[in-house]
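The structure appears below as structure tokens.
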Amino acid sequence: CDAMAKRAADAVRNGELKIVPAEHERTWYNWLDNIRDWCVSRQLWWGHQIPAWFATREGETGVDKNDMKFNDRWVVARSEEDAYKK
């Protein structure tokens, strides 16, 4: 995460990327020069979906996604198509 933040901040510093309006550059640098881990619950608060899918077998019913015995059925992938491949 640190390397990605540095590249993004440097892109503005060297003119490769432009922040519009320019007065927001200070905020850009403040966030990226002091990058911290982002809690998943913040994603949920702002409505961002977590790229995770729950696998069920064809015709299967009554499987509770919240039941810990089915935890191994969660798949994390970039897309639903990628989840099916896993």
Scanning region 58-80 residue by residue, those within 19 Å of the chain's Cα centre (by Cα), modelled with pLDDT of 90 or more and open to solvent by 100 Å² or more (accessible area, probe 1.4 Å) turn out to be W74
Neighbours by Cβ (under 9 Å, 6+ apart or cross-chain): first from region 56-74, over 17 Å from K86 (Cβ atoms) and in a loop (DSSP other than H, G, I, E, B); second of a type in the set (D, E, K, R) and open to solvent by 100 Å² or more (accessible area, probe 1.4 Å): V63/R57
Scanning region 32-57 for residues that are open to solvent by 60 Å² or more (accessible area, probe 1.4 Å) and among the β-branched types (V, I, T), which turns out modelled with the highest pLDDT? T56
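The values are calculated or read from the model by the stated rules, or taken from the named source; none is laboratory data. Computed from a prediction, not measured in an experiment: that's the story for all the values here. Here Cβ is always computed from backbone atoms with ideal geometry, including for glycine, and neighbour counts include all displayed protein chains. The protein model used for the area step is the full one, side chains on, heavy atoms only, and it has no ligands, DNA or RNA in it. Shrake-Rupley method; radii C 1.70, N 1.55, O 1.52, S 1.80 Å.
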